[in-house]
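*Asks:* Here it is, the structure, as structure tokens.
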Amino acid sequence: MLKLKDVQSFYGNIQALKKVSLDVEQGEIITLIGANGAGKSTTLMTLCGVIQARHGKITFEGKDITAMPPDKIVALGISQVPEGRRIFPYLTITENLDMGSFLRRDTHNIKADMDHIFDLFPILAERRSQPGGTLSGGEQQMLAISRALMSRPKLLLLDEPSLGLAPLVTKRIFEIIRRINKESGTTILLVEQNANLALKVADRAYVMETGTVTMTDTGKNLLANEDVKKAYLGI
């Protein structure tokens, strides 16, 4: 479904990604793990077209999207839940969800999709008229995921979904991530600092260090890898 080949990205003159190559098959949950500054979020931003790759190639379902603008990438079926959630704080929950469906033309399906969102996250249904900015951190994360789902993505990019959340809320978010993948078949590319949780839900994973991919394997195998245990699992 998705392929990155020797992708290089920069912030000004500072190189953030150094020939990153990875692939994602349809229906998989893939996770990127690594320390802060490893290039995980930059990889997602480059995929979305927010940062333009200077070298290398990105293809999605066989189509070259390397130089494509973000709105065109969303229209193809890639949607991102950014780090820090970035919901619209003064818009209601319903209005935030409407924004997620902005590019859609199948208006007759939008209400059904919103009802499905409210089934996934009952707390959002209860507070649908409440401004997003008045929600707790966990509720805002649920809203950010829901807003992305309203675009009906084929590939969902999640950037640090557990950031700043209590353990019980984090557990709930990861249960929903599994459910989204299993029920709708949505492919997921997950960036997550909590390597233990991320590897447990992942079919496969990539380890990133200073802008490069240094290791790849199944989530299960990386959980058992001694180097990964020492560096990322605190074992």
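The values are calculated or read from the model by the stated rules, or taken from the named source; none is laboratory data. Note that the coordinates shown come from a computational prediction; the quantities given were computed from them, not determined experimentally. All Cβ positions, glycine included, derive from the backbone under ideal geometry; neighbour counts span all protein chains shown.
*Asks:* Which one of these does THR59 not meet: (1) modelled with pLDDT of 95 or more; (2) not assigned by TED's automatic domain parsing to the domain that holds ALA198?
*Replies:* Going through the list (1) modelled with pLDDT of 95 or more; (2) not assigned by TED's automatic domain parsing to the domain that holds ALA198, THR59 breaks only (2).
*Asks:* Let me ask something else. So, in region 187-208, of the ones that are of a type outside the set (A, V, I, L, M) and modelled with pLDDT of 95 or more, which residue ends up nearest to ARG85 (Cα to Cα)?
*Replies:* Taking region 187-208 first, the residues of a type outside the set (A, V, I, L, M) are 187, 192-194, 196, 200, 203-204, 206.
Keeping just the survivors that are modelled with pLDDT of 95 or more gives 187, 203-204, 206.
Numbers: THR187: 20, ASP203: 25, ARG204: 25, TYR206: 23 Å.
In this case the residue turns out to be THR187.
*Asks:* Take region 39-62 and flag every residue that is of a type in the set (Val, Ile, Thr) and surrounded by fewer than 20 Cβ atoms within 10 Å (Cβ to Cβ).
*Replies:* VAL50, ILE51, THR59
*Asks:* Just to verify a result, which residue in region 1-21, among those that are under 17 Å from THR214 (Cα atoms) and among the hydrophobic types (A, V, I, L, M, F, W, C), is surrounded by the most Cβ atoms within 10 Å (Cβ to Cβ)?
*Replies:* Among those that are under 17 Å from THR214 (Cα atoms) and among the hydrophobic types (A, V, I, L, M, F, W, C), it is LEU17.
*Asks:* For region 179-189, name all the residues that are at negative phi, in contact (Cβ under 8 Å) with a residue 40 or more places away in the chain, not β-branched (Val, Ile, Thr) and not in a strand (DSSP E or B). Lay out the reasoning, then the answer.
*Replies:* Of region 179-189, the ones at negative phi are 179-184, 186-189.
Those left that are additionally in contact (Cβ under 8 Å) with a residue 40 or more places away in the chain: 179-181, 187-189.
Remaining after also requiring not β-branched (Val, Ile, Thr): 179, 181, 189.
ARG179, ASN181, listed by residue number.
*Asks:* Looking at (1) more than 23 Å from LEU163 (Cα to Cα); (2) in contact (Cβ under 8 Å) with a residue 24 or more places away in the chain, which is the one condition that is false for ALA67?
*Replies:* (2)
*Asks:* May I pose another question? Against the conditions (1) in contact with a helix residue (DSSP H, G or I) (Cβ under 8 Å, 6 or more places away or on another chain); (2) over 15 Å from LEU157 (Cα atoms); (3) surrounded by fewer than 20 Cβ atoms within 10 Å (Cβ to Cβ), where does LEU197 fall short? Just the number, please.
*Replies:* The one condition LEU197 does not meet is (3).
Let's see how each residue does on (1) within 18 Å of the chain's Cα centre (by Cα); (2) within 21 Å of LEU97 (Cα to Cα):
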{"position": "LEU157", "(1), (2)": "yes, yes"}
{"position": "GLY164", "(1), (2)": "yes, no"}
{"position": "PHE174", "(1), (2)": "yes, yes"}
{"position": "ILE188", "(1), (2)": "yes, yes"}
{"position": "ASN196", "(1), (2)": "yes, no"}
{"position": "THR212", "(1), (2)": "no, no"}
{"position": "THR216", "(1), (2)": "no, no"}
{"position": "ALA224", "(1), (2)": "no, no"}
{"position": "LYS230", "(1), (2)": "no, no"}
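*Asks:* A further question on this structure: Considering only residues that are within 15 Å of GLU95 (Cβ to Cβ), among the aliphatic types (A, V, I, L, M) and crowded, with 16+ Cβ neighbours inside 10 Å, which ones fall in region 121-142?
*Replies:* Answer for region 121-142, where residues must be within 15 Å of GLU95 (Cβ to Cβ), among the aliphatic types (A, V, I, L, M) and crowded, with 16+ Cβ neighbours inside 10 Å: LEU124, LEU135.
*Asks:* Another question about this same structure. Cβ-Cβ below 7 Å, separation at least six or inter-chain, first residue in region 71-96 and under 17 Å from SER41 (Cα atoms), second acidic (Asp, Glu) and surrounded by 14 or more Cβ atoms within 10 Å (Cβ to Cβ): which pairs?
*Replies:* GLN80/ASP159; VAL81/ASP159; PRO82/ASP159; GLU83/ASP159; GLU83/GLU160
*Asks:* Pick from region 136-153 the residues that are among the hydrophobic types (A, V, I, L, M, F, W, C) and touching a residue at least 40 places away in the same chain (Cβ under 8 Å): which of them is farthest from ALA166 (Cα to Cα)? Explain how you work it out, then say what you get.
*Replies:* Of the residues in region 136-153, the ones among the hydrophobic types (A, V, I, L, M, F, W, C) are 142-145, 148-150.
With touching a residue at least 40 places away in the same chain (Cβ under 8 Å) added as a condition, the list becomes 143-145, 148-150.
Values: LEU143: 16, ALA144: 17, ILE145: 17, ALA148: 22, LEU149: 23, MET150: 26 Å.
Result: MET150.
*Asks:* Could you identify the single residue in ILE177, ILE145 that is assigned by TED's automatic domain parsing to the domain that holds SER41 and buried (at least 18 other Cβ atoms within 10 Å of the Cβ)? If you could, list the steps in order and put the result at the bottom.
*Replies:* On the way: ILE145 fails: assigned by TED's automatic domain parsing to the domain that holds SER41.
None of the other options fit; the residue is ILE177.
*Asks:* Take THR66 and tell me if it is surrounded by 15 or more Cβ atoms within 10 Å (Cβ to Cβ), of a type in the set (S, T, N, Q) and in a loop (DSSP other than H, G, I, E, B).
*Replies:* Numbers: surrounded by 15 or more Cβ atoms within 10 Å (Cβ to Cβ): yes; of a type in the set (S, T, N, Q): yes; in a loop (DSSP other than H, G, I, E, B): yes.
It is true that THR66 is surrounded by 15 or more Cβ atoms within 10 Å (Cβ to Cβ), of a type in the set (S, T, N, Q) and in a loop (DSSP other than H, G, I, E, B).
*Asks:* I'd like the residue in region 204-218 that is aliphatic (A, V, I, L, M) and closer than 11 Å to LYS18 by Cα and, out of all such residues, is surrounded by the fewest Cβ atoms within 10 Å (Cβ to Cβ). Steps first, answer last, please.
*Replies:* Initially, region 204-218 is screened for residues aliphatic (A, V, I, L, M), giving 205, 207-208, 213, 215.
Next cut, closer than 11 Å to LYS18 by Cα only: 208, 213.
Values: MET208: 24, VAL213: 21.
Checked region 204-218; the qualifying residue surrounded by the fewest Cβ atoms within 10 Å (Cβ to Cβ) is VAL213.
*Asks:* Right, next: Mind telling me which of the residues LEU97, LEU32, LEU103, LEU17 ends up being part of a helix (DSSP H, G or I), touching a helix residue (DSSP H, G or I) at 6+ places or on another chain (Cβ under 7 Å) and hydrophobic (A, V, I, L, M, F, W, C)? So that I can check it myself, show each step before the final result.
*Replies:* Values: LEU32 fails: part of a helix (DSSP H, G or I); LEU103 fails: part of a helix (DSSP H, G or I); LEU17 fails: part of a helix (DSSP H, G or I).
The match here is LEU97.
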